[in-house]
Each structure stands twice: as structure tokens, then as C-alpha cells.
Amino acid sequence: MKTIANQLLEIEAVKLAPEHPFTWASGIKSPIYCDNRLTISYPSLRRAITQALVDLIQTNWPAVEVIAGTATAGIPQAAWVAEQMNLPLVYVRSQPKDHGTGRQVEGVLPNQAKVVLIDDLISTGGSVLKAAQGVQNDGGEVIGVAGVFSYQLAAATTNFAAAGLEWATVTNYTELIEQAQATGLVTTEQLATLHQWRADPMHWQA
Ligand SMILES: O=P(O)(O)OC[C@H]1O[C@H](OP(=O)(O)OP(=O)(O)O)[C@H](O)[C@@H]1O
Ligand SMILES: O=C(O)c1cc(=O)[nH]c(=O)[nH]1
């Protein structure tokens with residue numbers, strides 16, 4: 001069976017552009033971008049990711065009562081996971097809506113419900129931790145965060161620890177680079193750039 005990391009490479013979700021760095025949600029400039037949003041257009045891959053997330057959740061947080069998706073990229077994946085686990089779904093906006101109901105969490109979130117939050121990708125963890133705060137403000141108890149991919153940045157480890165939240169992902173940067181090397185999808189020059197970036201992602205410059 002092909003790994004999820006391998007399939008992300010196959011659908012060209014992973015982009016390298018050292019000369020024109022990507023700006024991430026956190027403001028980090030990076031030579032690499034993983035666009036997991038593309039996976040929603042591939043039924044067999046999205047099913048494989050859904051199954052992997054379900055396995056992760058059942059192993060780590062079997063007491064889960066509600067699945068939450070982080071807006072926007074976490075929402076479709078969270079919906080498929082909730083469907084497969086036959087659990088209620090909510091989604092969490094990056095900030096409360098400034099009109100209408102003014103809600104940040106959409107859907108029905110019973111008080112003290114045990115929630116697992118899903119995001120498509122974790123860099124610093126800032127986005128999903130903000131969503132976790134939204135769930136907690138709304139009376140939910142976040143028991144874990146499940147992501148599709150993590151860059152395994154030290155900042156994420158620090159931020160999740162500070163928030164007191166457990167997290168796990170289906171795949172990560174180490175696996176991705178291993179697969180990219182094994183399949184000859186990165187050149188020696190690109191690998192050198194990636195190693196340089198990875199050594200100090202906060203201060204890397206093209
Ligand atoms: O761990 P972080 O440092 O917060 O970065 C990762 C976040 O960035 C991306 O979202 P983006 O802000 O691009 O929004 P989107 O989901 O609406 O595409 C991604 O979907 C994660 O939510
Ligand atoms: O940190 C981010 O904003 C980010 C990085 C990445 O590789 N892919 C993505 O969708 N967002």
C-alpha cells in the first residue's frame with residue numbers, strides 16, 4: 001500500500017519554490033508548501049486519509065463525542081471522519097462571525113462534550129490552537145488534535161505543550177522527505193535548501 005506521504009507527492013500537493021518562498025499562516029517564509037486541500041478531489045486518497053485519521057482518533061482519543069473541523073481546510077476532512085465514526089460534526093471559524101449569530105463554532109456543541117479537532121496541516125499549531133480556544137470558550141472539552149501532516153517544528157511542540165493539548169498526525173515532514181528521496185522527486189540541490197531551511201525555519205531566507 002502506498003503511504004499517504006507518497007500519495008501527497010504523486011498528486012503534486014507538495015510544492016518547492018526556494019526562489020519565491022511561500023508565506024505561511026504564521027508569517028514564516030518557506031521554500032516548501034504542502035497543499036493538502038488538493039486531496040479532497042481524489043476520492044481514494046481522501047478515503048485513505050479519512051481511515052488513517054479515524055484509526056488515529058480511535059487509538060488516542062476513544063472517548064471522543066464530537067468531531068470538529070478547523071476552517072477552512074480542516075472542514076471537509078472532519079466531515080468525512082465524523083461520517084465514518086457516526087459522530088456529530090461542528091466546524092470552527094478562525095474568529096467569531098461578525099454578523100448573523102456571531103458564532104465561532106458552527107453546529108451543535110453540547111456543554112462539556114469531548115471534542116477532537118481536525119486540521120489538514122500543522123506548522124506552528126497556531127491556527128488549530130486558536131480553534132481549540134474557540135471550542136473551549138463555547139463549553140467544549142478538547143481532548144486531542146488530529147492532523148493530516150506536520151512539519152514537526154519545535155514551535156508546534158512548544159505551543160501544544162503550553163496549551164496542554166495532545167496531538168498526532170497521519171504523516172509528517174520526515175516521511176515526506178524520505179519518500180521524495182526514495183522516488184527521486186527531489187534533487188540534491190533542493191534537499192540542501194530544505195535541510196538549510198529546516199535547521200532554522202523562523203529565520204531562513206531565500
Ligand atoms: O499550524 P499553523 O502555523 O497555524 O499553520 C497551519 C494552518 O495554515 C493553513 O491554513 P490557512 O491559514 O492557510 O487557511 P485555510 O485553512 O483557510 O486554507 C492550514 O490549513 C493550517 O490550518
Ligand atoms: O503554515 C502554513 O500556512 C501552511 C504550510 C503548508 O505547507 N501548507 C499549508 O497549507 N499551509
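So which pairs qualify, if the first residue must be in segment 149-160 and in a loop (DSSP other than H, G, I, E, B), the second must be hydroxyl-bearing (Ser, Thr, Tyr) and surrounded by 15 or more Cβ atoms within 10 Å (Cβ to Cβ), the Cβ gap must be under 7 Å, and the two must be at least 6 apart or on different chains?
Tyr151/Ser123; Tyr151/Tyr173; Gln152/Tyr173; Leu153/Ser123; Leu153/Thr124
For Glu189, state whether it is free of Cβ contacts under 8 Å to residues at least 60 places away in the same chain and away from ligand 1 (no atom under 16 Å from the Cβ).
yes
If only one of Gly126, Gly102 is among the small types (Gly, Ala, Ser) and exposed (fewer than 15 other Cβ atoms within 10 Å of the Cβ), which one is it?
Numbers: Gly126 fails: exposed (fewer than 15 other Cβ atoms within 10 Å of the Cβ).
None of the other options fit; the residue is Gly102.
Please work out which one of (1) acidic (Asp, Glu); (2) surrounded by fewer than 19 Cβ atoms within 10 Å (Cβ to Cβ); (3) touching a residue at least 40 places away in the same chain (Cβ under 8 Å); (4) closer than 19 Å to Ile4 by Cα is the condition Asp120 fails and give its number.
That leaves (2) as the condition not met.
Listed here are the residues, each with its yes/no results for (1) modelled with pLDDT of 95 or more; (2) within 14 Å of ligand 1 (Cβ to nearest atom); (3) more than 16 Å from Gln181 (Cα to Cα).
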residue	(1), (2), (3)
Lys2	no, no, no
Phe22	yes, yes, yes
Ser30	yes, yes, yes
Tyr33	yes, yes, yes
Ile40	yes, yes, yes
Leu45	yes, no, yes
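Which of the residues belonging to segment 49-72 are within 19 Å of Ser150 (Cα to Cα), out of contact with any Ser or Thr (no Cβ under 9 Å at 6 or more places or on another chain) and either part of a loop (DSSP other than H, G, I, E, B) or not hydrophobic (A, V, I, L, M, F, W, C) (or both)?
Across segment 49-72, the qualifying residues are Thr50, Gln51, Asp55, Thr59, Asn60, Trp61, Gly69.
Of all residues in segment 169-206, which are farther than 19 Å from Gly27 by Cα and in a loop (DSSP other than H, G, I, E, B)?
Within segment 169-206, Thr183, Gly184, Leu185, Val186, Thr187 meet the criteria.
Scan segment 19-34 residue by residue and report those that are assigned to a loop (DSSP other than H, G, I, E, B) and within 14 Å of ligand 2 (Cβ to nearest atom).
Within segment 19-34, Pro21, Trp24, Ala25, Ser26, Gly27, Ile28, Pro31 qualify.
Checking Ala13 against (1) in contact with a Pro (Cβ under 9 Å, 6 or more places away or on another chain); (2) within 13 Å of ligand 2 (Cβ to nearest atom); (3) modelled with pLDDT of 95 or more, only one condition comes out false. Which one?
Only one criterion is unmet by Ala13, namely (1).
For segment 65-81, what are the residues that are more than 16 Å from ligand 2 (Cβ to nearest atom), surrounded by fewer than 21 Cβ atoms within 10 Å (Cβ to Cβ) and touching a residue at least 24 places away in the same chain (Cβ under 8 Å)?
Listed by number, the list holds a single entry, Glu65.
Could you tell me which of the residues Gly144, Gly134 is more than 16 Å from ligand 2 (Cβ to nearest atom), in a strand (DSSP E or B) and modelled with pLDDT of 95 or more?
Gly144
Quick check: anything in segment 35-53 crowded, with 16+ Cβ neighbours inside 10 Å, within 16 Å of ligand 2 (Cβ to nearest atom) and free of Cβ contacts under 8 Å to residues at least 24 places away in the same chain?
yes
Within segment 1-32, track down each residue that is without any contact (Cβ under 8 Å) to a residue 60 or more places away in the chain and within 15 Å of Leu185 (Cα to Cα).
Correct list: Gln7, Glu10, Ile11, Glu12, Ala13, Lys15, Ala17.
Within segment 107-131, take every residue that is more than 15 Å from Ala73 (Cα to Cα) and part of a strand (DSSP E or B) and give me the one that is farthest from ligand 2 (Cβ to nearest atom). If you could, list the steps in order and put the result at the bottom.
Just the residues of segment 107-131 that are more than 15 Å from Ala73 (Cα to Cα), to begin with: 107-116, 124.
Applying the additional criterion that residues be part of a strand (DSSP E or B) yields 114-116.
On the way: Lys114: 27, Val115: 22, Val116: 20 Å.
Of everything passing the filter in segment 107-131, Lys114 is farthest from ligand 2 (Cβ to nearest atom).
The values are calculated or read from the model by the stated rules, or taken from the named source; none is laboratory data. Quick caveat, the model's predicted, so the values are computed rather than measured. Don't worry about glycine lacking a Cβ; one is built from the backbone with ideal geometry, like all the others, and counts go over all protein chains shown.
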